[in-house]
Structures are given as structure tokens and as C-alpha cells.
Amino acid sequence: MSGDYARDGFLVLPDFLPAGDCDALQARAAELMAGFDPGRARTVFSTRDQGHARDRYFLDSGGAIRFFFEEEAPDAPNKIGHALHDLDPVFDRISRQPRLAALAREVGLVRPLLLQSMYIFKNPGIGGEVGWHQDATFLHTTPVTVTGFWIALDDADRENGCLLALPGAHRGPLRQRFRRSGDGTVTEEIDATLWPAVEPVPIEVRRGTLVVLHGLLPHASSANRSSRPRHAYTLHLIDGHASYDADNWLQRPDLPLRGFT
Ligand code: FE2
């Protein structure tokens with residue numbers, strides 16, 4: 001595997017996804033959004049609604065296609081998740097293309113399983129920031145194997161909220177775990193080590209670029225303050241040889257995980 005990935009904890013691969021695939025994902029996401037019943041959204045997301053329905057909607061989304069909205073702008077989509085790659089034929093085809101399978105092997109996944117997919121909108125002036133985190137906080141295996149494939153569907157830069165990363169900081173410990181507890185979730189502190197004092201790097205990329213993110217790499221993104229969208233598609237993979245924690249928020253009792261075939 002490339003020395004860059006081992007050293008930095010991320011790897012930038014320009015021109016990875018063909019323009020036709022970027023077009024297809026964007027068109028399909030627009031179709032899915034158009035087919036979504038906003039009445040349902042109001043029930044689940046209205047600020048008056050008790051948190052319980054919202055928790056359920058989220059917790060059951062691991063094996064479904066569900067729609068999430070910006071907290072500050074309840075009519076604006078934030079993301080669609082989290083089983084697009086298994087339940088939607090367009091996302092399935094593009095997520096399981098041989099080049100992605102080869103890349104998963106190259107970054108060390110021996111028996112890659114496609115665990116989670118998200119279509120992220122981050123629309124102009126609305127798309128909010130995502131704070132510093134490690135993906136292994138949310139998707140935990142023992143040992144840690146979660147690996148993110150982040151694909152730019154629009155050019156991404158500092159103005160529209162590109163990824164930010166702390167290069168090399170994937171060699172530090174996992175700080176938190178976000179897990180199921182009863183009918184809800186909790187965030188548990190497991191290591192108080194501060195993020196290292198390295199300068200955050202903005203990962204400015206063109207449409208079609210794929211960024212591989214190590215599961216322990218601290219990363220974030222700013223709000224979209226531009227007049228341009230910053231759509232992205234993310235896939236999170238794990239190794240089937242690692243054990244998947246029973247208290248991860250994402251559980252798929254009715255939909256077994258699959259690899260690339
Ligand atoms: Fe992340």
C-alpha cells in the first residue's frame with residue numbers, strides 16, 4: 001500500500017470515479033429525495049416531536065434508506081443513509097465496481113464488507129459543519145478496521161466545506177465510542193488524549209476524487225459558506241475477520257452484510 005496512507009492516515013485519489021458515475025449518483029439521490037414523503041419528515045423531525053421517534057428512525061436506518069435534514073433548516077436535506085449500497089440498484093452497482101474492491105484490498109481489508117453508505121448534501125449556505133471525530137467512534141470492530149471511502153460529487157474546497165484532517169493522527173488512540181444503550185444512544189469517553197497539535201489540512205479536491213480515510217484519523221468539515229453545493233458519497237467498510245461490536249448503533253438483523261460480490 002502507498003506510503004502516504006500509512007504515514008498520513010488518508011489517501012487522495014484524483015479522478016477515481018468517472019463523471020458518468022458521479023452524474024448517476026447525483027441524479028439518483030435527487031430522485032430518491034423527490035420520492036420522499038415530507039409528511040413523514042414532519043412527524044419525525046419536527047422540534048415538537050419527542051426524541052423517541054427520531055431515535056428509532058435513526059437507529060433503524062442501518063438497514064434502510066432514510067432521509068435526514070439540517071437541524072438549522074428542517075426542509076433542507078442533510079443526508080440519505082445508511083444502506084443505499086444494498087437497497088438501491090444504482091448505488092449498489094457503483095459501490096461494488098471492481099476498482100473499489102481492488103482499492104479495499106490495497107488498503108488492507110482482507111475480507112471487506114460494505115457496512116454503511118451515505119449521500120451527503122451540504123448544500124450552499126445551509127450545509128452545517130461536522131465536528132472533529134474518528135469514524136471508529138461510530139462503527140467499531142475489534143481490532144479497528146473501519147475504513148472510509150469519501151467521494152467528491154462536486155469540487156470541494158475551503159469555502160464549500162471540504163474535508164479537514166490531522167495528518168498522522170490516526171496513530172493515536174480511539175477517544176470515544178458512540179453506542180446503543182436501551183432505546184437510545186450514548187457517547188462514552190474511552191481515552192482522554194487530546195488531538196495532537198498538528199495543523200489541520202484542508203483536503204481540496206475535484207469532483208470524482210476518492211479520499212480513503214483510516215478509521216482512527218481525526219477529520220471534520222466546515223459549513224458550506226459558498227453559493228455552490230458540496231455533495232459527497234461515502235462508503236464505510238470493515239474487515240469480516242474482525243468482530244463487529246454488538247452495541248454499535250448500526251445493526252442489521254434482517255440484512256446480512258455483503259462484500260463486493
Ligand atoms: Fe467521518
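Calculate, in nm to one decimal, what D155 and R93 gain on full extension: separation in residues at 0.36 nm each, minus their alpha carbon distance.
On the way: separation 62, 0.36 × 62 = 22.32 nm, distance 2.29 nm.
In short, 20.0 nm is gained.
With every protein chain left in place, what is the accessible area per residue of the chain in square angstrom, probe 1.4 Å?
Details: 11950 Å² over 261 residues.
With all protein chains present, the chain gives 46 Å² per residue.
Each label point is 7 Å from the Cα along the Cα-to-Cβ direction; what then is the distance between the points at D4 and D23, in nm?
Rounded to a tenth, the inter-label distance reads 2.7 nm.
Which one, L84, F69, Q134, is farthest towards the positive end of the dipole of the chain when Lys and Arg carry +1 and Asp and Glu -1 on their Cβ?
Of the listed residues, the answer is L84.
Tell me, in nm to one decimal, what length is gained between D245 and I190 on full extension, where the rule is 0.36 nm per residue of separation less the Cα-Cα distance? Each step should come with its number before you reach the end.
Working: separation 55, 0.36 × 55 = 19.80 nm, distance 1.51 nm.
Working it through step by step, the gained length comes to 18.3 nm.
Quick one: what are the phi-derived ³J(HN,Hα) couplings along segment 245-259, Karplus 6.51/-1.76/1.60 with θ = phi - 60°, whole Hz, x for glycine and proline?
5, 5, 9, 4, 4, 8, 10, 10, x, 10, 9, x, 5, 10, x
Okay, which of segment 144-165 sit inside 15 Å, backbone N to the point 7 Å along the Cα-Cβ direction of V201?
Counting backbone N atoms under 15 Å from the label point, the list is 163-165.
Would you kindly state how much longer the chain becomes between A76 and M33 on full extension, computed as 0.36 nm times their sequence separation minus their alpha carbon distance, in nm to one decimal? Don't skip to the answer; put the middle values down first.
Details: separation 43, 0.36 × 43 = 15.48 nm, distance 1.05 nm.
This chain segment gains 14.4 nm when fully extended.
Which of D55, D86, D37 ends up with the largest GNM mean-square fluctuation for the chain, with Cα atoms connected below 10 Å?
Of D55, D86, D37, the most mobile in the Gaussian network model is D37.
What's the carbon and sulfur percent of the chain's accessible surface, probe 1.4 angstrom, rounded to a whole number?
53
Can you give the charge dipole size of segment 2-244 about its Cα centre, rounded to the nearest 20 debye, using +1 on the beta carbon of Lys and Arg and -1 on the beta carbon of Asp and Glu?
Numbers: 26 positive and 31 negative charges, 61 e Å.
I would put it at about 300 debye.
The values are calculated or read from the model by the stated rules, or taken from the named source; none is laboratory data. What you are looking at is a predicted structure, and each value in this text was computed from that prediction instead of being measured. Cβ atoms come from the backbone with ideal geometry, glycine included; neighbour counts cover every protein chain shown. Areas reflect the complete protein model, heavy atoms only, side chains present, ligands, DNA and RNA absent. Shrake-Rupley method; radii C 1.70, N 1.55, O 1.52, S 1.80 Å.
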